[in-house]
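We did not get these values from a lab; they are worked out from the coordinates using the rules stated. The model shown is predicted, which means the values in this text are computed figures rather than measured ones. Cβ sites come from the backbone with ideal geometry, for glycine too, and all protein chains shown count toward neighbours.
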Amino acid sequence: MKQIFFFHSILLFLIISLLTLFDPEKTGNSETISKNNEWQSATTTPSSMVTPIIIFMCGDVMIGRGIDQVLPHPSDPLIHEPFMRSARGYVDIAEQINGPIPRPVSYSYIWGDALEEWERMATDVRIINLETSVTESDDYWQGKSIHYRMHPENIPTITAARIDFCSLANNHILDWGYLGLRETLETLRKVDVKFAGAGKNLQGAGAPAVIKVNEKGRVIVFSIGAVTSGIPREWVASSNSPGVNLLKEFSDKTVRDIKERVREVKREGDVVIVSVHWGSNWGYRIPFVHVEFAHNLIDHAGVDVIHGHSSHHVRPIEVYKNKPILYGCGDFLNDYEGISGHAEFRDDLVLMYFISMDQSSGSLVGMRMTPLQIKNFKLNRASSADVLWLKDTLNRECKKHGTKVELNTDNTLTLNWD
Ligand SMILES: [Zn+2]
């Protein structure tokens, strides 16, 4: 009897072991969990024993035009582009390439696999560059060929992703005129999503957003936009007129102005981010003035993180004096699936950037990136081959800036720096 029991026990043990070994989902999950524990423990700062703040950042969220057309409350599809007269045209050409997109989609549809990743990475703060006006205004900006508009009733799309902050100093925020800007600001205020970079006057446009993180401190975000990103000079806010917090030059005076604003608001333990829309849409070369300006903000203005965007694809990352500089986060969501050209830059591949900051020193503790792919107007986990392509591309470009990325078992990337 004893022998039979022993035999059964051995058999049961073997069956359980085999099941565990050959259940790919189970194996994948345990690896994911262990890697994630690593992320959590690597982001604990022994010096202060305060849990670091985990900040999510991404580049352009272009949810107007084609994407707005598949959301529950599409705008009037009429657009004023040289080669396209209806925003629905962008849905049609995307469907020709990648197959049908359901209409209407739910408010959370477009975020796809990002929703789960925000939870898995224990994100405290979610920061995006909102590259569209949120308005019913028909007053499109004359002399500009592309105009992005999302219907205000589609704003639950932003709240469905629990976005905390939107950068607005960019080249699409005034696409539908001053009425469009006003409605964008009012719509964001109504749903309690913070923003910076545009306002009813220069003071409002230049004011930072203050985001309180439960028991962890505060994140302060400034938003500025350079004319090199395509922002018309007339969009500049003045002391008595609305507009954008426009960066006219990368000069010492600009750094001094930002230093003054940071001094007014920054308290001990705050993490200060400058979110900047700058430079061209394509190409990897980082202009020297961007490097110099970013360094000066860190050296002289009390800035801890540079959140750069405008390029449609990812650009290199630098860590300067333990402060992260993201030169170009790339697009995060766009309606470009059916548009050909620039395929070599793979603007369909995007990154979720998770930065862990020690708020007592304002230093970077760790950075992880999750690669996703835009397909069917939605974010999907990138394939292993695409993750490798992103890793190699980043390593080729980051080398010049002293950083390197490594691939984790859960198909995320970790940043290493000197
Ligand atoms: Zn832009």
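What to note about this one:
- With respect to the chain, whose longest principal axis is taken over its alpha-carbon atoms, helix 384-398 is tilted by about 60°.
- Here's the picture: charge each Lys and Arg Cβ at +1 and each Asp and Glu Cβ at -1 in the chain, and of L415, W176, M369 the one pushed furthest to the positive end of that dipole is L415.
- Cα coordinate range in the chain, projected on the principal axes (Å, largest first): 92, 52, 40
- Selected from G197, G225, G338 as most flexible by GNM, with the chain as the system and alpha-carbon contacts under 10 Å: G338
- Pairs beyond 30 Å (Cα-Cα), from K194/K399; K194/K248; K194/K375; K200/K266: K194/K399
- Residues E292, E215 arranged by fewest to most Cβ contacts within 10 Å: E215, E292
- Summing Cβ point charges (Lys, Arg +1; Asp, Glu -1) relative to the Cα centre of the chain gives a dipole of roughly 700 debye.
- Restriction of the GluC sites (Glu not before Pro) in the stretch 70-126 to DSSP coil positions whose beta-carbon has at most 10 other beta-carbons within 10 angstrom yields no sites.
- Dividing the helix sum by the residues of the chain, where each DSSP H run of 4 or more adds -39500 (n - 2.57), gives a mean residue ellipticity at 222 nm of -9500 deg cm²/dmol.
- Under 18 Å from the Cα of K400 - lysines, other chains or at least 8 residues apart: K321, K323, K391
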